[in-house]
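Below: one structure, written as structure tokens.
The values are calculated or read from the model by the stated rules, or taken from the named source; none is laboratory data. None of the values given here were measured: they were computed from a predicted structure. Here the Cβ positions follow ideal geometry from the backbone for every residue, glycine too, while neighbour counts run over all protein chains shown. These accessible areas exclude ligands, DNA and RNA; they are computed on the full protein's heavy atoms, side chains included. Shrake-Rupley method; radii C 1.70, N 1.55, O 1.52, S 1.80 Å.
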Number of protein chains: 6
Amino acid sequence: MKIIYILFIFTFFSFTISRASLNDFCVGDLKALNTNSGYPCKPLASVTSDDFVFHGLVTGKTNNSFKIGVTSASVANFPALNGLGISAMRIDIDEGGSAPLHTHPDATELLIVVQGEITAGFLTPTSFYSKVLKPGDLFVVPQGMLHFAVNSGKGSASGFVAFSSENPSIHTLDLLLFANKLPSNLVAQTTLLDLAQVKKLKARFGGSG
Amino acid sequence: MKIIYILFIFTFFSFTISRASLNDFCVGDLKALNTNSGYPCKPLASVTSDDFVFHGLVTGKTNNSFKIGVTSASVANFPALNGLGISAMRIDIDEGGSAPLHTHPDATELLIVVQGEITAGFLTPTSFYSKVLKPGDLFVVPQGMLHFAVNSGKGSASGFVAFSSENPSIHTLDLLLFANKLPSNLVAQTTLLDLAQVKKLKARFGGSG
Amino acid sequence: MKIIYILFIFTFFSFTISRASLNDFCVGDLKALNTNSGYPCKPLASVTSDDFVFHGLVTGKTNNSFKIGVTSASVANFPALNGLGISAMRIDIDEGGSAPLHTHPDATELLIVVQGEITAGFLTPTSFYSKVLKPGDLFVVPQGMLHFAVNSGKGSASGFVAFSSENPSIHTLDLLLFANKLPSNLVAQTTLLDLAQVKKLKARFGGSG
Amino acid sequence: MKIIYILFIFTFFSFTISRASLNDFCVGDLKALNTNSGYPCKPLASVTSDDFVFHGLVTGKTNNSFKIGVTSASVANFPALNGLGISAMRIDIDEGGSAPLHTHPDATELLIVVQGEITAGFLTPTSFYSKVLKPGDLFVVPQGMLHFAVNSGKGSASGFVAFSSENPSIHTLDLLLFANKLPSNLVAQTTLLDLAQVKKLKARFGGSG
Amino acid sequence: MKIIYILFIFTFFSFTISRASLNDFCVGDLKALNTNSGYPCKPLASVTSDDFVFHGLVTGKTNNSFKIGVTSASVANFPALNGLGISAMRIDIDEGGSAPLHTHPDATELLIVVQGEITAGFLTPTSFYSKVLKPGDLFVVPQGMLHFAVNSGKGSASGFVAFSSENPSIHTLDLLLFANKLPSNLVAQTTLLDLAQVKKLKARFGGSG
Amino acid sequence: MKIIYILFIFTFFSFTISRASLNDFCVGDLKALNTNSGYPCKPLASVTSDDFVFHGLVTGKTNNSFKIGVTSASVANFPALNGLGISAMRIDIDEGGSAPLHTHPDATELLIVVQGEITAGFLTPTSFYSKVLKPGDLFVVPQGMLHFAVNSGKGSASGFVAFSSENPSIHTLDLLLFANKLPSNLVAQTTLLDLAQVKKLKARFGGSG
């Protein structure tokens, strides 16, 4: 009787089941071409529990000019996030360090402070919004806003960041302006920065032109 | 004169026409990898009137424990629905039968009662919403809600279901809990069901662990 | 012990519960101004099981020129559909009758034939897609396509229609062209219909100009 | 010191950078199958400045019955628009000419008049909205509305059109009704046009049936 | 000269600036009626830096049956999240405790383990996906999946959760089934649980019927 | 006979018609609170043809430091665009002038060059994309990218811009960095600009701190 039941329940639902699972998630096949809605889905038969886990959202190296360590888990290294509209990052900032001004053109950022003191803020054409944050505090940066985070306390500071995209891009202002070959005089003309200042930072960030 | 006109109208619109059709619909190519926005589109040249028709949304077999027959038309067997955000199902429930508790994680369900009496309802953490339905009545189950339908009358009952997704999945609670290999004590711990109850239903639904 | 448990479970979930329900559904408050995402939500406290039911998706009157009866359940008379992206209609067509050419600018239509024979089809700039349908057959009309349905059999025909919108609009071609005050010569100029034809149908559909 | 900095800044951002760019834009690979979210993305390494430019949104030929010239830049000839939800068109209408009644099932149209006088309007089941436009005037046609534009002044008129889709389709009413093989009596039955009128325009637009 | 410049730059941008800010974010006015797209926006003039900060994502009380503490920051207590599609939660689970089986019908969950050992998993009709997690590990639960988290180690465990919704609801299975007035025999019929089991848990969770 | 027909056609469609129109467009009521999906809709009865027209997308004044004139038509001054995802702008740049570096966090920009020569470009962390444009050329700037436009020819240059949002915001880099009260040393720390440079531009753009 039970056997019969089981067979029937699987019979009348089996069509739906085999198809439905593709819909429940879509682990990205990173070897296929990306699309506007993310990567094509890996076949269900090759999906395992391991796909849904990411290891190593730990402290990154901070031996750089901004004294910031960043590790991130997004669709490129955690393909199960494909299509799910979320990803995460861990940041660690040494005393005196900062996250330089940058935007995420395609994601809201939610910062969770875990250790130390961080002053975070974002800029609008008419104002700016900024706060000193302690462990247990959250700060939200709406999508596309130019923003910063500074270790404003003693010792190192750390936190987690959640993004409203599985594939957030990071547009660091200095890299946009000074790390490529855009002619220095064009940068100067469209920012009103002094040409000497532009050239100085171009040299520092490896740009030319 | 007319000939000339026709040529010109086809000349200046021909570019748009050839491309536009791809946009008007996207019959799914089920052999390609699925994506978060559905299947890639079958080439327009191979689309015919037959693609837009589905045959056989008729009474399904009800010789199972829940005495319910289900036939469904969704993107897997009706690829023209690809990207259109809609699909349909026919349910037939014998006297005393029911649709067991289940969710559609990705679709709202709209039930149209055609014959008999069906008591349908859905559950929320603080309440439940349920009604006795007669032919000509509709009941809506918002996306993701745990819900049921019971033949609460004499004789068999039937109805049509429309979903707000071309590929709705069905998560029947008993199958989630009792048809797989999730350890019985884990099920018991995270539901507070008695372990004996879990094992009894695991046996019935073919699960183990 | 149980009592204590219950208190605690309600304590730590109570915040979430009270808020979450607003998210699970949004029964429309039709007296408030509509928005691009639908009507504002009726307060949860005033929502009852009755909100989720619609009565009377039954045969409409067919004593008109097209011999078609239409009853519909959409957000305007079934406010629980608000935000859920689905609605339904019942059509009954007497022998020799039809649903005249029309579009739904904002919804895909899925037709389920229940009785009789219906020939349904839609038009594109380069082709048309049409089929003769019998009970148990479905036909899908992608969003925005100009389409028709004709009772092509003996006796009356009927079916259910599901829309991928809770508020589908119906743009019947004859009403657009001939039921308003748009000057007849402008209609003639932009359709190449004969002016006499335009005036004849303007008279029939109550238009002027 | 600067050198070291640069190395590190590229080290800790390099992972993000290489991936982020795919997200910043998605130049369409038109040789791949289209999807509901557009074309798959061309690999970043093959994207150049040329991809983001379109040449030739200039006056189209107007030697046709409606005396209208149309040139358009959409994803089919400007693949960088893929996924960005925008495209453009230039229209030129000789004195006495018009854009015949048509719909864009999937896009809002924003018309910018540059030269001459254009009377534009759209139709709803209960009304119509129409205005005489001069250079510097804009007119908006919401998605899916049947609309027209007539050169109502002296000399030629011209304008630019922006669409809220990278791939807007154009459904010209005359082509839908009269340029295909849909039987003339079916057109007559579902529009109430006289059969002779239908056959006359079928002949003019190259249709049959 | 600079003064003049400043005046002009503010003149020609001032129109845009005053309006643009409404678009950059939409801090929710919780006293207004909610909508399908969230709460109406608080006027810009009353928005301050304090709006973008949440205090107190700290350890919640765990003196309950499941030994779990939950604190959450979502639109209801952090209105700046309105419309931004993200929110956060902190969970702390004592040794032997768990997060009972539940779904989030409208959000993907991304769990970041900070301390201890957590075994997390979710269920599908045909399988389950589960892993033992350590600090620095992430686990993702796709939207609508029934899932659990168990402290499977020594001592207490804690983590942060990010949701892909600013207003995720929590549907705990036991509360859905046993905390309301849905008749016990209906629960038994649609789950195949023994009636005695249903009544036992109804008593425990405060339900009746 | 015709009279009777007309009465009936209006009877059986009247319900749908009155409701459908609200769905076809949603002219914004700017006096109501904005929402994440735009402004609430003005009642249909008060909508006229005038709502769908905007007058004055003409040359703006260029007597400012950047020698650029900007006029824009977006939801704030053209409320019919509400919910339609499109807007427009006209730019005129005197010889030697430019549009300074800026982003549109929420819109793609499509530039149509009408007169003169414009060099337009956008920046990414690893590259930049830039072209010299002539009349009839288009350039697309994907959402959120930092970009510029320079009059690189003789005489004045002009063009139209279409945005993929009815309410695009403009974040001019200089205004973000130098027109508010964000402390100069914080700007210097998070950009590596020299403090003197920051103070110099703060003075020029009216900022302080």
Distant-in-sequence amide H partners of D:L182 (H built 1.01 Å from N, under 5 Å) | D:S208
Using θ = phi - 60° and the Karplus form 6.51 cos²θ - 1.76 cosθ + 1.60, what ³J(HN,Hα) does each residue of the stretch E:131-141 get, whole Hz, x for Gly and Pro?
-> 8, 8, 10, 10, x, x, 8, 10, 9, 10, 10
How large is log10 I(q)/I(0) at q = 0.17 Å⁻¹ when the Debye formula is applied to the Cα atoms of the stretch A:73-195, each weighted equally and without solvent?
-> -0.93
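Once neighbouring chains are kept in place and the probe is 1.4 Å, which whole percent of the accessible area of the protein assembly as shown is contributed by carbon and sulfur?
On the way: 23570 of 39830 Å².
C and S fraction of accessible area: 59 percent.
If I stretch the segment between F:Q115 and F:T48 completely, what's the gain in nm (0.36 nm per residue apart, minus their alpha carbon distance), one decimal? Please list the in-between numbers first.
Working: separation 67, 0.36 × 67 = 24.12 nm, distance 3.45 nm.
Stretched fully, the F:Q115-F:T48 segment lengthens by 20.7 nm.
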In whole Hz, with x marking every Gly and Pro, tabulate ³J(HN,Hα) for the stretch E:89-103 from phi via Karplus 6.51 cos²θ - 1.76 cosθ + 1.60, θ = phi - 60°.
-> 8, 10, 10, 10, 10, 5, 3, x, x, 7, 9, x, 4, 7, 10
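Packing-wise, with mean Cβ within 10 Å as the measure, how do E:87-97, F:38-48 rank, highest first? Walk me through the intermediate numbers first.
Working: E:87-97: 21.5, F:38-48: 18.0.
Result, highest mean first: E:87-97, F:38-48.
Over the Cα atoms of the stretch D:56-139, Rg to Rh with Kirkwood Rh, two decimal places?
0.97
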Under 14 Å from the Cβ of B:F160, count the other residues' Cβ atoms, weight Lys and Arg +1, Asp and Glu -1, and hand me the total.
-> -2
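Less than 14 Å Cβ to Cβ from C:A120, Lys/Arg counted +1 and Asp/Glu -1: what total charge do the surrounding residues give?
Numbers: positive: C:K131, C:K134; negative: B:D50, B:D51, C:E109, C:E117, C:D137.
Charge balance in the 14 Å sphere: -3.
Taking each pair of different alpha-carbon atoms in the protein assembly as shown once, compute 1/r for the pair, average those values, and report the inverse of that mean as the Kirkwood hydrodynamic radius in Å to one decimal.
On the way: mean 1/r = 0.0314 Å⁻¹.
Taking the inverse mean of 1/r over all distinct Cα pairs, the protein assembly as shown comes out at 31.9 Å.
What is the mean number of Cβ atoms from other protein chains located within 10 Å of the Cβ atom of each residue in peptide E:96-105, rounded to a whole number? All intermediate terms of the calculation are to be shown ahead of the outcome.
Working: counts 1, 1, 3, 1, 5, 10, 3, 7, 4, 13.
Going residue by residue through E:96-105 and averaging, the value is 5.
Can you give the mean number of other chain Cβ atoms that lie within 10 Å of the Cβ atoms in peptide D:24-30? Numbers along the way, then the final one.
Numbers: counts 11, 10, 6, 2, 2, 2, 1.
Mean shielding by partner chains, rounded to a whole number: 5.
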What pairs from C:K181/D:K200; F:K61/F:K134; C:K42/C:K67; A:K181/D:K42; A:K154/E:K67; B:K131/C:K134 go past 28 Å between their alpha carbons?
-> C:K42/C:K67; A:K154/E:K67; B:K131/C:K134
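With +1 on each Lys and Arg Cβ and -1 on each Asp and Glu Cβ, how big is the dipole of the stretch B:40-193 about its Cα centre, in debye rounded to the nearest 20? Let's see the in-between values first.
Values: 8 positive and 11 negative charges, 42 e Å.
That gives a dipole near 200 debye.
Quick one: compute the contact order of the stretch E:51-138, relative version, from alpha carbon pairs under 8 angstrom and 6+ residues apart, as a percent.
Numbers: 121 pairs, mean separation 19.2, N = 88.
Dividing the mean separation by the residue count of the stretch E:51-138 yields 22 percent.
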Comparing A:V58, A:V161, A:V141, which has the greatest mean-square fluctuation in the GNM of chain A with Cα pairs linked when under 10 Å apart?
-> A:V58
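Report, in deg cm²/dmol and to the nearest 500, the calculated mean residue ellipticity at 222 nm for the protein assembly as shown, where each DSSP H run with n ≥ 4 adds -39500 (n - 2.57) and the sum is divided by the residue count. The partial results should precede the final answer.
Working: 24 runs with 288 residues, N = 1254.
-7000 deg cm²/dmol, from helical runs alone.
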Whole-Hz Karplus couplings 3J(HN,Hα) for the stretch E:74-80, θ = phi - 60° and coefficients 6.51, -1.76, 1.60, Gly and Pro as x, run 9, 4, 5, 10, 9, x, 5
In nm to one decimal, list the spacings between the E:K134 label point and its equivalents in the other copies, with label points set 7 Å along Cα to Cβ, shortest first.
-> 3.3, 6.5, 6.5, 6.6, 7.7
Neighbourhood net charge (11 Å Cβ-Cβ; Lys/Arg +1, Asp/Glu -1) for D:H171 = -3
What is the extension gain from E:K154 to E:N63, computed as 0.36 nm multiplied by their sequence separation minus the C-alpha to C-alpha distance, in nm to one decimal?
-> 31.0 nm
Distant-in-sequence amide H partners of B:S164 (H built 1.01 Å from N, under 5 Å) = B:T108
Once amide hydrogens are built 1.01 Å from N within the peptide plane, the residues lying 5 or more places from B:S156 or on another chain with amide H under 5 Å from its amide H are B:E95
Counting Lys and Arg as +1 and Asp and Glu as -1, each charge on the Cβ, what is the dipole of the stretch C:156-209 about the Cα centre in debye, to the nearest 20?
-> 300
Which trypsin sites (Lys or Arg not before Pro) in the stretch C:164-209 pass both tests, a DSSP loop state and at most 16 other beta-carbon atoms within 10 Å?
-> C:K181
Tell me the Kirkwood hydrodynamic radius of chain A in angstroms, computed as one over the mean inverse distance between distinct C-alpha pairs.
-> 20.1
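Tell me the relative contact order for the stretch D:70-209 as a rounded percent, counting alpha carbon contacts under 8 Å between residues six or more apart. Each step should come with its number before you reach the end.
Values: 324 pairs, mean separation 41.2, N = 140.
Once normalised by length, the contact order is 29 percent.
Count, for each residue of E:111-118, the Cβ atoms from other chains sitting within 10 Å of its Cβ, then give me the mean as a whole number. Can you show the working numbers first?
Details: counts 2, 8, 1, 3, 0, 0, 0, 0.
Going residue by residue through E:111-118 and averaging, the value is 2.
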How many square angstrom of accessible surface are buried between D and C, both sides summed, with a 1.4 Å probe and rounding to 100?
-> 3700
